[in-house]
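Just below is one structure, and these are the notes that go with it.
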Amino acid sequence: MERAHLEPGEAAMTDQLRTHPREALTSTEAVSRLLAPRAIALVGASNDATKFSGQPLRNLVAAGYPGSIHPVNRRGGEVGGITAFTDVADLPADTDVAMVMVPAASCPDTVRALGAAGVSVAIIAVSGFAEMGTPEGQRLQDELALAGREAGVRLVGPNCNGVYETRVPLPLGYNHTHSMLLQQGSVALVSHSGAMLGGFVPLLEQHGAGLSAFVSCGNEVDLELIDYIDHFIDDEHTRVIALIMDGIDDGPAFRSALARARTAGKPIVALKLGKTASGTSAAQAHSSRLAGAHAAYDAVFAAEDVVAVPTLETLAAAAAVLAGGRAARGPAVVGFSTSGAGSILLADALGHEGVALTDLQPTTVNVMAPIAGFARVMNPFDIGAAGPTTIEDNLKALADDAGTGAMVFYLTPVPVQSWRQALADGVAATASAHPTLPVLVVSPAPIGAEEAGTYAAAGVPVIPSLLDAVATVGALVRAGHRYDRRPAAAPTPSAAVVGRPLSEPASKRYLATRGVVFSDEIVVSDVESACAAGDRVGYPVVLKAAGSGLTHKTENNLVVLDVGDETALTEAFTDLDHRGRVLDPLGYEGVVISRFVGPGVEVVLGVTIDPDFGPMIVLGAGGVLTELLDDVAVAPAPLDAAEALDLIRSTRVAALLAGYRGAPPSDVDALVGLVVEMSAIAVREAASLQAIDLNPVRVLPDGQGIAVLDALVVEAS
């Protein structure tokens, strides 16, 4: 790749830019120009087709790009049959976009030269910057950013591989996919990984959908993923926005873009790469450990109705379904199969994914019973046993059921081709009759071309993997429902940022001044005071050692429950006092004595401050079961009462709160009130907080309220 040639006069002009920067385009204007340029400069273009720098010109010409193409090569001559400019300064005035393919060290000067020549947008299609993880790479990226600002040139990348706009057409890049003339579609892909385009597009087209545009974000030294999302929200040719993302720097702006897309009716499907934890102290607070970076993204996606998927295959399938105008009608699905074993596999996989099977309505059963043949009317339904003559009638009844949020067909090859095609025709007819209902086919075995064409024409994805299919349908049915019903993962933390933990008494004082109510308790430092406190509180009592360094008391045997008299209290106090002084010699405060609270359901309720999205509310099974059961839901604050109730219902502990196996129902209203109260505290105090744990919160029988038994506040350091 060649370095752009700078003449002395041109160098002087770039020096002038440092003190008199040219006015740059807004982000909105820049993205619009990027995807519809009048003319393109290829800086460092090569005749060598084996080099990356030799491919963009060939791709543009082959696709029939209608604008002008200006190769720049210091040796001059022709590149790809087009006369090359030897100097960036000579570029015609209509050159809107430049693709820069010179060595990384030359890119800042090249950008300044492009600015002097009047070019508005530059794609830095080379690596060697901050992604290298070296001081020199970061220094060079900082210099590149400065050059863009000085020259008034908006930058895409660096470390990216271009864009593709299918209507222009504009295959400006060097992916293999850039060498293909893609069918026009309505799915825009914005990706931090440019290479993923090559796998995404074939899958998308296989499912009967197509690409509207693609942008490789790269290192985002200037234009960012959010800028491209904003563009595609307003793009009349884009119906669905697909994201492949590492992470974002501006959480509020990202949420704002997601909310705008939702309001505009533009579904967003997101594949979040990486599951590393936020930089918070997992050693001090359960909340920080349970609401790491990936859980925070999941919570934001759920709050903004983003369809969050786990793989590239599911990204393509979900995008194709949504591009067809289909969205889940509810949280439960209907399955059917051509074999009993297929039905069982499907039911098992859906159950593992946390997707409910619809309980068929009596009217549905009554309609199907006379035509079901040898098949029992149940969900999943064995459509193979029902036979080929009743396919459409059975599928119509299943699709018409009020509880059908989506349909999944596990296809095993039947022996007769006409029967296989009848199944395809029946599924296609059902999909056509219900144009907003997602319908997916799982086929581990290859299917014939005619069948494949029938499914694709009807907008029905055929997915080889059962796990990918159920993950896709799971993502679709969860979108539009406030919270993900699977427990959020507890990711392994990266290097922790240590905050300042308060002792239990100090934590409770902190929260009490902000409206949280606690039962009476007394902190004592000698046996006489302990006995007096026991008499005052009333037996039975609970004893806990307290200190700023004693954040996990149960694990260190620093809690004694149900102490019934003075003798037992004296023994327990003596042991805890000794252990507390040894374990926390600097922060030890004494032993907390409080009244023993009767039975109830224990939950953990916490706050963690995510570095990207701010305060998050964490709720799940409490006490010693918090991390053992991994039953936790995460939601961005603030929450109102309805949202707090949804958060509670999204956990498995909700079944216990409702009264499990004859147990009395718990006071969920009181828990909702505490969640809302903690949510408000989280928002007000976010600047000075790192985490809060209320664990356990004992939810008493209905009408008896709640008891916050332990508290930990970690202030930001």
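General remarks:
- Gain on full stretching of the segment that runs from Ala687 to Ala658 - 0.36 nm per residue minus C-alpha separation: 6.9 nm
- Within the range 585-717, the ratio Rg/Rh, alpha carbon atoms throughout and Rh by Kirkwood, equals 0.98.
- Inter-label distance, nm, simple model (7 Å from Cα along the C-beta direction), Ala457/Glu555: 6.2 nm
- Subtracting the Cα-Cα distance of Glu136 and Ala62 from their residue separation scaled by 0.36 nm leaves 22.8 nm.
- Rounded to whole Hz, the Karplus (6.51, -1.76, 1.60) HN-Hα couplings of the range 33-50, x for glycine and proline: 5, 4, 9, 8, x, 6, 8, 10, 9, 10, 8, x, 4, 10, 7, 7, 5, 7
- Length added when fully stretched, Ala445-Arg579, from 0.36 nm per residue minus Cα-Cα: 41.8 nm
- FRET efficiency, 1/(1 + (r/R0)^6) with R0 25 Å, evaluated for Phe374 and Ser432 via beta carbons: 0.35
- Per-peptide packing, taken as the mean over residues of other Cβ atoms within 10 Å, places 175-183, 143-151 in the sequence 143-151, 175-183 from highest down.
- Placing R0 at 60 angstrom, the Cβ-Cβ distance between Arg509 and Thr50 gives a FRET efficiency of 0.30 after rounding to 0.05.
- Couplings for the range 509-516, taken from phi via the Karplus curve 6.51 cos²θ - 1.76 cosθ + 1.60 with θ = phi - 60°, read 5, 4, 6, 5, 5, 10, x, 7 Hz in order; Gly and Pro are left as x.
- Relative exposure of Thr390, Thr26, judged by other C-beta atoms within 10 Å (fewest first): Thr26, Thr390
- Listing Leu543, Leu656 from fewest to most neighbouring C-beta atoms within 10 Å gives Leu656, Leu543.
- Using a simple spin-label model with pseudo-atoms 7 Å out from Cα toward Cβ, Leu146 and Glu78 lie 4.3 nm apart.
- Spin-label model, Asp249/Glu236: points 7 Å from Cα along the beta carbon direction are separated by 3.4 nm.
- Straight-distance crosslink candidates among lysines, where the alpha carbon sits under 26 Å from Lys508 and sequence neighbours closer than 8 are dropped: Lys544, Lys553
- Shape category assigned to the range 332-478 from the gyration tensor of Cα positions, a/c cut at 1.5: rounded
- Note, ³J(HN,Hα) from phi for the range 90-101, Karplus 6.51, -1.76, 1.60, rounded to Hz, x at Gly and Pro: 8, 4, x, 5, 7, 6, 8, 10, 10, 9, 9, 10
- Shape analysis of the chain places it in the oblate category; the axes a ≥ b ≥ c from the Cα gyration tensor give an a/c of at least 1.5, with a/b not above b/c.
- Amide H to amide H distances under 5 Å link Ala308 with Ala270, where only residues 5 or more positions off or on other chains count and H is placed in the peptide plane.
- Within-11-Å neighbourhood charge of Leu203 [Cβ basis; K, R +1; D, E -1]: -3
- Summing charges over all other residues whose Cβ lies under 10 Å from the Cβ of Phe254, with Lys and Arg as +1 and Asp and Glu as -1, gives -4.
Throughout, read-outs are computed from the coordinates displayed, never taken from laboratory work. The structure presented is a predicted model; accordingly, all values stated were derived computationally and were not measured. FYI the Cβ positions are ideal-geometry reconstructions off the backbone, even for glycines, and counts take in every protein chain you see.
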